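Accompanying notes for the structure given below.
Just so it is clear, none of the values below were taken in a lab; they were calculated from the coordinates. All figures in this text were calculated on a predicted structure; none of them were measured in a lab. Virtual Cβ from ideal backbone geometry, glycine too; neighbours counted across all protein chains shown.
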Amino acid sequence: MSRIPRIEWPLHIVRRVVVGLIVVAALAVAVPYGAGWIGQWRAHCADGVVERGEADECVGVTDGGYAFAKHLDSVRKKIKKENDRVADGDEPYVSVAYMTSFTLTDDDSNSEESVRHELEGAYLAQYRHNNGDLSASPKIRLLIANTGSSSGQWRYTVDELIKRKTSQDRLVAVTGLGPSTDDNLAAIRRLSQHGIAMVASTMTATNIKDIAGFVRVAPTNEDEAYAASAYLKRKKITSAVVVQDTAKGNLYARTLGTAFSKVFPDKGHRLVAETMTFDSSISSAWKNELLYMRSQLCEQKPQVVYFAGRGRHLTHFLYAIANRSCQERTFTVIAGDDTTNLTAQELARAAKTKVQVYYTGLAHPDMWQKEPDAVSDLSAQYFQNGGELDRWFPNDPRHDGQAIMAHDAVITAAQGVQMAARWQGEVTGDAVGRMFHQMEGSLRVAGASGFISFRENGNPVNKAVPILRLDERGRSEFVEASAAGGKPPEGR
Amino acid sequence: MMQPGSGVGLRGRSGIISLVQACLKEPPTAERPVVMLLGPRGSGASEAHSMLMEHFGPEHPFAYVNLGGSQSLLPRYALALLARQLERKLPRYGRSHFPLLTLGLLASDQLLRMNSLAEGRRAIQRQLDAFQERSEERYGDYLAAFFEVASGAVGAPDGFSTMALALLQDALRRGRRRLPGRVFGGKYSASAAWYGSHPLTRSQDQWEALVELNLWRHEGDEQQERLDRVLFSAFLEDLRRNTARAFMPRSYLLLLDNSHTEYGRRFLDHLIRARHDDAVVTGTDCDPLTVVASSNRWLPRWGPATGDAWPWRLRGPDRASLQDWHEHRPTRDSDDTWWYPLRLRDLNLDEVRIRIDLELGGNPELAPFTRLTPFVHRLTGGLPRAVRQVLDVLQQSTAPAEDGPGQDRWLRTLPDQTLRVGEDTRTLVDAALGHLLRGFDPVARGALAECAAARDLSVGTRVLSSGETLFGEIRARWLLSPGTITPTLHPWLRRLLLWELGRRPGDWDTVHELLAEHFRTERQPVQAMYHRLAMGCIDEVTDHLLLRFPAVPTPQWISEFSLITSAPNRLPSHGGPLELLAGLAPLRPDQAVDAASAIRGLVAARWVWSDPLADPAMRLNDLIADGFTQLSQLRRNDIVALFNEAERYRHWRHPQTTESEG
């Protein structure tokens, strides 16, 4: 008989050791799992919303039941009410999310005002699609998606959105999408991989294009620079200089500066000096760099300074040149749309510098009055004084145009939904994404910021670019509508 | 009060403990002895079993069977009882199984009916199942059924500690409750195949082999013997298979009490034979049993009780060890090679002292009795049960606890004091003799009492015509005093028998007269004087010793004096030593001291002194010492021995053993 080697260890000790090891192993598995579960439970803010990041901000997706920020309450409650009505109703519905950073810190280029205005505009679009003049089927529920400050928690929020694609929410499109940053671009790519249609509202970086299902209603930076150049030339401005932020990752500044430097100089127009640069990522230096420029400007004497940088850096630039040595010379500064992200307070301070400031905005409520052909009548009326938005959200001036851009983004998505339902019978993210490229001619999106159709790469075709001026009270004043091609397309 | 046996049993038995420990630690296939604890009744064998159970029971699988119980126990029943206890689950080890033994017992349990072999296989399985189920329904499991039948044999005898009893009950209760049948898969085939291949079964077919077992059971003694051999073989094989597994013990401890009985001897015969067949004849591994058996008498299979025909000489337990066994065991060709006979010795003075201290020292009322240790040791010779009985009498009685004449007078009557054991109340002498001489009829006991008058029992039996049988029986029961060349009865037994004989004054005198006459004829005057003194002839003895005093060297005279004055007495059963002495040799102040008066006084004092019941506290020591001093003054030369003897008594030190004095 073959013998198995005898083991003479005390069985009860062996049992205890084995049981101990099993317990330890179980604990080794259970403790992290349990800790993770407890962590998750503690981090739970609401269904689909969790506490994340160093600032412990609540990020994720809500149908309006959860408040990401107090200042959003009035619009959030309306959205919640409308969503519930749609969900409880008999008509078919799909969901469209509005995603951006709703919990803001000093690191964000957007202000609380601007994101609130965006959400108000988005709600208007939902309302118009479900109940108003554009009433169509299927109805849409508007989900509010917060990616956190600087979109630092985009991954969790995007994953939550992806989950809702197949849940009862039936998510088909995500709109808004925040400013042009690497994180937001990553979020777009992931959503695209999961077949969700996207419409960006204020994203202008030129290089964000050629992504499946993605379009934007804002003109690109390049378009803005071209429109600015066209406007200056119409105003007989012949000399200019470019001040550009060279901070790494600031695509907005680089594309603006490059495009303007490329398009402005011609036979009758010239850049009187090399591009003057500062690096906003070096916090100890950039303010001094801006101060140093004022003497150069006095020396070079350009008629216009094209400022290719973020709005918050623009205000410092304005302070710098306000105290210039050549007070006898007047400077006109023209900047890009990021100026609209400045708060009313910041704009007022900038106005006090007495420097003439123009900027290319994304939209303006007065555009309809002064250039009625450039925008949709029906859409623009909602943004006028005493319009629906004013009645719903009084005492909240929306000169920054953010509400219009958000509205146009959601209305684009809603039109996509409607067209997909009508033409393909099935409303999916992919189907909605395909519809964006059918929006031509009479099917152009009748936006409050202009009539919108899209190129294959997702950019709008010759989108109207409002030239705005900062008035003495720090409010943006509509000057005229420009466009990359010179004049914007007309509705009629 | 301390529980009987708890801790006490270890005293004087440590050699046995270390021997068993060494056996249990040996590898499973190592050869181990069958340790035989030999000694008269009361020599502490049952206590030793209790002690081993206490010591090893909590950690090792053990089984205990009392083969001397009131109920006869067939070997297969004993096997079932042992297997059931060995199945006890211990924390340290996995559970042991006995599938071969169980199947063998099951197959031989009831008559199996089979018309043809082909039909028989299924029938056997069916019938085995049915037996098993019936047993299970009635008793819980199959081996438990044997427990029900033979439970009387498990009952522990007197001397077991409560802890040992608890362990034993635990072993029985915690035997496996599940059916062993499940272990062999309910289909019996694996175990049945072993029976098919066993050399004792004729048929190679496993099912036919089982039927064969069944037939043996119902076919007379010879075949039943064969069946028992196969079952023992199965038992040992089960043990071997158990120890071959991981997490199992190296050895199993088997405690067989009172194995000198008929069924005990049969059990041991089968066990030794099965082991010898396996380990020597067929050359398989030795079984892993550590066997400790006890016997109150010489076993017939060892030849005559003289021990001349047996290769073994009894070994002392103090130096018992595996090495000692290996050095002294006979060649492996003989099955005597497996024995290891250990003669349980009496307790020495120190061991008795420790026992008494442990038992009485903790009780303030009884603590004074601890001073009686030398008395108890002198009286009992250190026989463990005798010590126990004397202590019990002291605890149960109203004996004066304080040392003094009152206590002396009470102790004088100690044999007639009552001893309660359970509901049985008898005098100490009756209880002790009843236990020591169990199986002796009153006539034989009376005859033995007469023979006990002689120091040499062989002379007593010859002179008094009691025959060789009585002497042989006493020798076979180890009731002779160990360590003496002269075959003398154990001092405790002899004293009790003489106490009984003392109640028959006529017989006392007759017996001693006959013996004195015998020794006179044999020209052994010292022995003759011994018996004359027993008859109370002090003057005659004095005259004899007076004549010898100048005639022989002093040391020889002292030796003769000591032997003569160690004679038994039939003095009154009341009064302390001084009162007894006064009755024998009244002091006469007016008398001048001469050799005759000095020797007379010495004879009387030494005679009283030599009986522990007459002088329990040895109060006559100084008197005897003075007597020797007086004698030394009456002699001109060769007086050093007398001085020494005087010193010896004056500064008396109790000897460790009783073989040398009194």
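Using the Cα gyration tensor of region A:259-354, with a ≥ b ≥ c the square roots of its eigenvalues, what is the shape: rounded (a/c below 1.5), prolate (a/b larger than b/c) or oblate (neither)? Note, shape of region A:259-354 comes out rounded.
When peptides A:140-153, A:308-321 are sorted by average Cβ neighbour count within 10 Å, with the highest value leading, the order is A:140-153, A:308-321.
For region A:329-487, state the semi-axes of the equivalent ellipsoid (square roots of 5 times the eigenvalues of the alpha-carbon gyration tensor), sorted largest first and rounded to whole angstrom. Can you show the working numbers first?
Numbers: eigenvalues 206, 60, 34 Å².
Computed over region A:329-487, the values are 32, 17, 13 Å.
Take A:20-33, A:407-420, B:571-584 and order them by the average number of nearby Cβ atoms within 10 Å per residue, most first; the result is A:407-420, B:571-584, A:20-33.
Which pairs break 30 Å Cα to Cα here: A:80/A:248; A:81/A:165; A:139/A:463; A:165/A:370?
Where the Cα-Cα span goes over 30 Å, the pairs concerned are A:80/A:248; A:165/A:370.
Averaging the Cα positions of each part gives two centres, and for region A:201-217 and region A:39-109 these lie 24 Å apart.
Site pair residue B:503 and residue A:356 shows an inter-label distance of 15.1 nm when each label is modelled 7 Å from Cα along Cα→Cβ.
Please give the peptides B:254-265, A:88-99 ranked by average Cβ packing (other Cβ atoms within 10 Å per residue), highest first, as a rough proxy for protection. Before the final figure, lay out the partial values.
Values: B:254-265: 22.4, A:88-99: 19.3.
Per-residue mean Cβ counts within 10 Å order the peptides as B:254-265, A:88-99.
Centre-to-centre separation between the Cα atoms of region B:408-423 and those of region B:229-271: 43 Å.
Counting helices only, and only those DSSP H runs with n ≥ 4, report the 222 nm mean residue ellipticity of chain B as the sum of -39,500 (n - 2.57) divided by its residues, in deg cm²/dmol to the nearest 500. List each step's numbers first, then the result.
Values: 30 runs with 349 residues, N = 662.
One gets -16000 deg cm²/dmol as the mean residue ellipticity at 222 nm.
What number comes out for the charge environment of residue B:341, summing +1 per Lys or Arg and -1 per Asp or Glu over other residues with Cβ under 9 Å away? Result for the local shell: +3. Each 10 Å bin, from zero up to the one with the longest distance, holds this percent of the alpha carbon pairs of chain A: 4, 20, 28, 22, 12, 6, 3, 2, 2, 1, 0, 0.
Once you sort the root eigenvalues of the Cα gyration tensor of chain B as a ≥ b ≥ c, which label holds: rounded (a/c under 1.5), prolate (a/b larger than b/c) or oblate (the other case)? Numbers along the way, then the final one.
Numbers: a/c = 2.75, a/b = 2.41, b/c = 1.14.
Taking the square roots of the gyration eigenvalues as a ≥ b ≥ c, chain B is prolate.
Distance between the C-alpha centres of region A:374-448 and region B:338-389: 113 Å, rounded to the whole angstrom.
Find out how many positive minus negative residues lie around residue A:85, taking Lys and Arg as positive, Asp and Glu as negative, among other residues whose Cβ is under 13 Å from that of residue A:85.
Values: positive: A:77, A:78, A:80, A:81, A:139, A:141; negative: A:63, A:82, A:84, A:88, A:90, A:91.
Result for the local shell: 0.
Other residues within the sphere of radius under 12 Å centred on the Cβ of residue A:426, judged by their own Cβ, net out at +2 (K and R +1, D and E -1).
DSSP beta bridges fully contained in chain B are about 20 percent antiparallel.
Let me know the shape class of the protein assembly as shown, please: from the alpha-carbon gyration tensor, a ≥ b ≥ c as square roots of the eigenvalues, rounded when a/c is under 1.5, otherwise prolate if a/b is greater than b/c, or oblate. Kindly include the intermediate steps, with their values, before the conclusion.
Numbers: a/c = 5.28, a/b = 3.18, b/c = 1.66.
In terms of gyration-tensor shape, prolate.
I'd like the GluC sites (Glu not before Pro) in region A:1-68 restricted to DSSP loop residues with at most 16 other Cβ atoms within 10 Å, sorted by number. Walk me through the numbers on the way to the answer.
Working: sites: A:8, A:51, A:54, A:57; in loops: A:8, A:54.
The qualifying sites are A:8, A:54.
Per residue of B:239-246, other chain Cβ atoms within 10 Å of the residue Cβ number 2 on average.
Can you pull out the trypsin sites (Lys or Arg not before Pro) in region B:343-451 that DSSP calls coil and that have at most 15 other Cβ atoms within 10 Å? In loop regions of region B:343-451 (DSSP not H, G, I, E or B), the sparsely surrounded trypsin sites (Lys or Arg not before Pro) are B:438.
In region B:465-546, which trypsin sites (Lys or Arg not before Pro) are in a loop and have at most 10 other Cβ atoms within 10 Å, using DSSP for the loop call? Passing both the DSSP loop test and the Cβ count: B:523.
Nearest 5 percent is fine: what portion of the DSSP beta bridges confined to the protein assembly as shown is antiparallel?
On the way: 29 of 88 bridges.
In the protein assembly as shown, DSSP labels about 35 percent of beta bridges as antiparallel.
Hey, got the average number of other protein chain Cβ atoms within 10 angstrom for residues in A:6-14? Mind showing how you got there, number by number?
On the way: counts 9, 4, 9, 3, 6, 10, 5, 2, 3.
Mean partner shielding for this stretch: 6.
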